[in-house]
2 protein chains.
Amino acid sequence: MTPGGVLARFGAMSKAAFQRLPGFRDFVPEDLALRSHIFDAWRRVSRRYGFREYDGPPLEPLELYVEKSGEEIVGQLYAFTDRGGREVALRPEMTPSLARILGERSRGLAKPIRWFSIPQLFRYERQQKGRLREHFQWNVDIVGEDDVAADAEVLAVAIDGLRALGLTAADVRARVSDRRLLSAVLGALGVPAEGLPATYAVVDKLEREPRERSLERLQNEAGLDAGRAREVLALFETPGLEGVRERFGERDEVGAELARLDTYQGHLEAMGLGDFMTFDLTIVRGLAYYTGIVFELFDRSGEFRAICGGGRYDRLLELVGGEPLPAVGFGMGDVVLGELLRARDLLPDAAPSVDRFIVPIGPEQRALALRIGHAERERGRSVLYALREQGVGKQFKAAASAGAREVVVLGPEEVARGVAVVRDMASGEEREVSLEELT
Amino acid sequence: MTPGGVLARFGAMSKAAFQRLPGFRDFVPEDLALRSHIFDAWRRVSRRYGFREYDGPPLEPLELYVEKSGEEIVGQLYAFTDRGGREVALRPEMTPSLARILGERSRGLAKPIRWFSIPQLFRYERQQKGRLREHFQWNVDIVGEDDVAADAEVLAVAIDGLRALGLTAADVRARVSDRRLLSAVLGALGVPAEGLPATYAVVDKLEREPRERSLERLQNEAGLDAGRAREVLALFETPGLEGVRERFGERDEVGAELARLDTYQGHLEAMGLGDFMTFDLTIVRGLAYYTGIVFELFDRSGEFRAICGGGRYDRLLELVGGEPLPAVGFGMGDVVLGELLRARDLLPDAAPSVDRFIVPIGPEQRALALRIGHAERERGRSVLYALREQGVGKQFKAAASAGAREVVVLGPEEVARGVAVVRDMASGEEREVSLEELT
């Protein structure tokens, strides 16, 4: 291919071909500044809690998702056949990759394993306002510990991730439930074991479906009679634990679950995070693999979708061919969180800025400008200068537009005396600095 | 789908389905530590030079690559049809996305635009030892400046990116050429303009093809007679600029190009980076869109493939429908660089480590341990503790395996006195610290 050929063909293209795909984002520096702000907070908090970062490929064998997640997710996958005839998919969630990696590696690792990751995930969702087809998701998991302290630890990480971005207990709250408690209570209400999954599905939709529809589904799908169905619904009218404790707390199977949740709450209170947490039996989480405490984080105003969801999934890893290992973790996306930070006026300053802009008065000072620039960068400063010969006025304008905090002016007379003039751009104050110090 | 159903199906899967795809990498924490080490150096150096980070989607319309890169790259693309009938591809390089984004946005931006990115890129290469199908690539570009100072600046960034990782002029060198100089010299040797692209293609392969084959191709593909073909080959036997300067320097069109390269070299010398650079006319770079100075970075031992390649591409952006903007930039991958760092013993310490591990002697001190842990994390320390009740010996073992620098022991007698014992794990030294200070 000749250069001419390429360019001619490129030029002949319709511009429509050069739109980005719907549901995908470009991150120009202002957007990337927010993304980095969020990622930095996530990484900082992860490391404070002793989590180590990992990653997997964005492309995985399709089977990893088909078998685990069922038809619903498969219908939303970016899946295709690669040139080698393999069925592959862009990862829609991170847990299957984590399970795959640990299935191979966990035997050699000290337990509990504390890992985090910030993968980009992909789903082909129907196009709606604000619905994207990719997002980044902070994944934090503790693998190999079934004590409730691990559950509390993981929620604390999620909460501190939000606190590190400036959010408080007045902005966000965690709604916590436990599938084991819920199943014990539903059992006490006479829901048979085989009706539990269908009942969870109804509970998961309580806030979005009319009461009549939920009643119907409990009868048709979970097989409850009308009286039981009404009793089940009544249970969720006060979604805290007080009602449950009063009515069912004396039963052994319920009492044991309540005691565990009390310990959980105690741990979060010891960490000073009790204000962020409420128990809420209506939280069941969609994913089928949760086995214990589950939680979701929401903004208190109820304006946004869930910021974060997670819980315990004790049976997943052994079934990928690894050790039988209990696990607990969460995923927190960057999109809803970004919207919430914007709404609460917690966006970072994304304006450009550099420490110093060097201004040679004439071509004779240009080599010196380069030398100073490099020496300053070696000292860790961010430094710019004009990349062509320009008048001093133009250079100062460029310095201002780059957000330079100081300008270093190299004039012939000063350079002859072995100094440069450093001007503070905010105050306008100027001082002389020896060239020795700058080079 | 019932949980039982999911788990049963997951359990029934053959383990073969849970391999990662060939040519893709998992990054367990030890691998990710190296990746972060490299990314951190790239980001640090980018920012010192006043570059701002951007990103685009990993998935783009197929046309973005077909039209620009031609059949060769298209044959290596991960391309497929999405659920909306769009032809899409995983990005094989970043420049087309940059061109697309700037085509839409550049008019509103101060020039020159200094942007960098660290995208993951994908190619379906035939499987060979060490050849991957994905890699991360540091992309650095200056857009909107055609002065040679921009060319020198970009090479300086690439060199400093390597220096920040511990590599020196004894380890790596930049081989620099200029397509304008080469075409002027080839013109002086009688190569017609229409024979230039084919001649570049032969020059690009000089090191990998036998001389006879190159001679043949110059005749068959570039249309040179045997004498001219031999003269062209002779030119590259001493690939520096001295021979060119001697033989062709008097010609205006060659002299102007040499003067520009002298300025380029002067800029790098002023920055103290002259030792890293050699002129080498055999460097032409494969990509058709380069229009001026081009360069590649290699390890001096010649053990590895190119670490980095880049150059000036002045005509690309206007043809994507944007402003006519000159541009210069490079891409540096993480794979060859990682191999080189390993060979030069420059890998980061990837062992786990935390600042403090808190050891409650009994269950009575556990809430206090959580409280101290959270307070310490608020102060920015990384902190761990056992997530279940354990004997002191087990807790100390866990502290050692987590790489804890200090262990904070909470015994009943000390706590009653309002202190904890802090043990330095390296020296074994112990001191008492007041609980007030820790909480």
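Values in this text are rule-based calculations from the coordinates and carry no lab data. None of the values given here were measured: they were computed from a predicted structure. Glycine also receives a Cβ, built like all others from the backbone with ideal geometry; neighbour counts cover every protein chain displayed.
Numerical summary
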| item | result |
| --- | --- |
| Label spacing, shortest first and in nm, from A:ALA306 to its equivalents in the remaining copies (7 angstrom along Cα→Cβ) | 4.9 |
| Those aspartates and glutamates that a straight Cα-Cα span of less than 18 Å connects to B:LYS397, excepting residues fewer than 8 apart in one chain | A:GLU145, B:ASP355, B:GLU389, B:GLU406, B:ASP424, B:GLU429, B:GLU430 |
| Point-to-point label distance, B:ARG107-A:PHE39, nm (Cα→Cβ direction, 7 Å offset) | 3.1 |
| Chain lengthening between A:LYS397 and A:LEU347 when straightened (0.36 nm per residue, less Cα-Cα) | 15.3 nm |
| Kirkwood Rh and Cα Rg combined as Rg over Rh, evaluated for the stretch A:389-429 | 1.00 |
| Paired Rg and Dmax values of the stretch A:354-438, which use every Cα atom, in angstrom | 11.4, 30 |
| Among A:LEU233, A:LEU90, A:LEU368: highest mean-square fluctuation, GNM of chain A, C-alpha pairs under 10 Å | A:LEU368 |
| Cα→Cβ-extended label distance, 7 Å offset, between A:ALA426 and B:ALA426, nm | 3.7 |
| B:GLU30 versus B:ASP262: modelled label distance in nm, points set 7 Å from Cα along the beta carbon direction | 5.4 |
| Calculated FRET value between B:ALA193 and A:ALA375, using beta carbons and R₀ = 60 Å, to 0.05 | 0.85 |
| At R0 = 25 Å, FRET efficiency that the Cβ-Cβ distance of A:ALA234 and A:GLU212 yields, to 0.05 | 0.95 |
| Antiparallel DSSP beta bridges within the protein assembly as shown, percent to nearest 5 | 75 |
| Alpha-carbon Rg with Dmax, taken over the protein assembly as shown, Å | 31.2, 102 |
| Translational diffusion coefficient (Stokes-Einstein; Kirkwood radius from C-alpha pairs) of the stretch A:19-60 at 37 °C, 0.692 mPa s, in µm²/s | 257 |
| Zone residues, the stretch A:16-40, relative to A:SER301, backbone N less than 13 Å from point 7 Å out along Cα-to-Cβ | none |
| Along principal axes, Cα extents of the stretch A:29-343, largest first, whole Å | 56, 47, 45 |
| Label geometry 7 Å along the beta-carbon vector: A:ALA256 inter-copy distances in nm | 8.8 |
| Cβ-based charge dipole, chain B, positive-most Cα from B:VAL140, B:LEU32, B:GLY292 | B:LEU32 |
| Alpha-carbon centroid distance for the pair the stretch B:278-327 / the stretch B:371-392, whole angstrom | 51 |
| Gain on full stretching of the segment that runs from A:VAL74 to A:GLU389 - 0.36 nm per residue minus C-alpha separation | 107.6 nm |
| Other-copy label distances relative to A:GLY362, 7 angstrom Cα-Cβ extension, nm | 8.5 |
| Two-decimal ratio, the stretch A:173-273, of alpha-carbon radius of gyration to 2.2 N^0.38 Å | 1.13 |
| Distance from the stretch B:407-439 to the stretch B:125-183 (C-alpha centre basis), Å | 52 |
| Rotational relation B to A, axis-closest Cβ in chain B, residue and distance rounded to whole Å | B:PHE80, 2 |
| Amide proton proximity set for A:GLY50, modelled H, under 5 Å, gap of 5+ | B:VAL383 |
| Structure-based [θ]222 nm, chain A - -39500 (n - 2.57) summed over DSSP H runs of at least 4, per residue, nearest 500 | -12000 deg cm²/dmol |
| Cα-based convex hull volume of the stretch A:279-333 per residue, rounded to whole Å³ | 85 |
| Dipole of chain B [Lys/Arg +1, Asp/Glu -1 at C-beta], most positive-end residue of B:ILE283, B:THR263, B:LEU102 | B:LEU102 |
| Of all DSSP beta bridges in chain A, antiparallel share, percent nearest 5 | 75 |
